[in-house]
1. Answer yes or no as to whether GLU136 is under 15 Å from ALA277 (Cβ atoms) and either in contact (Cβ under 8 Å) with a residue 12 or more places away in the chain or among the hydroxyl-bearing types (Ser, Thr, Tyr) (or both).
2. Is the range 7-23 home to any residue that is surrounded by 16 or more Cβ atoms within 10 Å (Cβ to Cβ) and modelled with pLDDT under 85?
3. In the list ASP100, ASP82, which residue meets the criterion of being more than 27 Å from ILE173 (Cα to Cα) and either at pLDDT 90 or above or of a type in the set (Asp, Glu) (or both)?
4. Go through (1) under 30 Å from VAL159 (Cα atoms); (2) at pLDDT below 75 one by one and return the number of the condition ASN76 breaks.
5. Can you name every residue in the range 297-314 that is under 24 Å from the mean Cα position of the chain (by Cα), modelled with pLDDT of 90 or more and of a type outside the set (A, V, I, L, M)?
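The values are calculated or read from the model by the stated rules, or taken from the named source; none is laboratory data. Since we're looking at a predicted model, the values are computed, not measured. Cβ placement follows ideal geometry from the backbone for every residue including glycine, while neighbour counts extend to all protein chains displayed.
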Amino acid sequence: MGNALTLAGLSSDLNSYFREYKEGIKGELQYGFIGDSGPMSMENRCTLIPGVVDELVLGGATVNDFLRQYKAADTNTFIQTDNSVVVGARTLKMRKFKGDLLFKDDVINTTFLMWQSKMKAINMGKSQDKEMAFVEYLFFNVIIKKALRSLRKASFQGVWDTGSGTAYASTAIVDGMEKKIADAISAGTLTAHAYNSSNNVVTEVEAAFDMLTSEQKRADDLVIALREDIYNKWIRANRSSTGLGRTLNFDSAGTFTIDGFPNTKVVPEPDLATYKAVIYQKTNYFISITMDQAAANDWEFQRFDRTTKCMMNGEIGVEFETLNPGSFVNVAVMS
């Protein structure tokens, strides 16, 4: 563990570290987005597709009902069933983003002292955290940690700014889930269940769930994402069976489901803002984060006066594979 920090050489050290470990650093931003397997992990909420270039048409071939009754007269004749094979029409589009950080020397010094304290605790056996060099600590515990948090928020709340407006924030880098839903509501593709605060929250969430097609209710990996305030009400309502007729005893350490549907998972979603609940299949919601294209080739650090500049580039895309195609309802919302 170093005892002193040389600010004049920090940007050079950071650039050298990035060149040596760039694949691991880029991988942390691409795959680290899903995070650990805890309750906030995006692994429970989306399907991650790293490395998309420009755009990706989602959905392979889907086969509709093509069986017909047997007739001896046409057994050897090929008779096509119209529209029996269809391909998804929604496209995941990648949007470029950039990150510019300016670390003032006093901030770097304070961070260095914090790092020293943490490493000392590790060496004394008082912490189970990973021991790491200061430049590694800056990359993973400071820069990437915040970038991942911003990307997560954008994947839900983002509204893409084409560059014509004045918005310059992480929530303007891509159209997130709530924008996709708002567009579907405007187009009449999706109708939101209006939350009635006079009713029990469990009843209201189940009413939104009941908007799904019967077949979709039993689909694998159904996510019931509840906005933070609604999830808190759900938890408190679930602590007692009074008036709810719960079929399962409340277990605060267990996985919450819609009664009778073990394929569902009720999760809190702190990044839902507009909608109180979104119900969808995990394998139907795709996110891609990329740092492999020409515009996202490298990170760069520069020493400037009494500061250190960090510059990074990347791309992100968010999309549902299908969103209530035809009469099949596979996404439900509570507003």
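1. no
2. The answer is no, given that none of the residues of the range 7-23 is surrounded by 16 or more Cβ atoms within 10 Å (Cβ to Cβ) and modelled with pLDDT under 85.
3. ASP82
4. (1)
5. none
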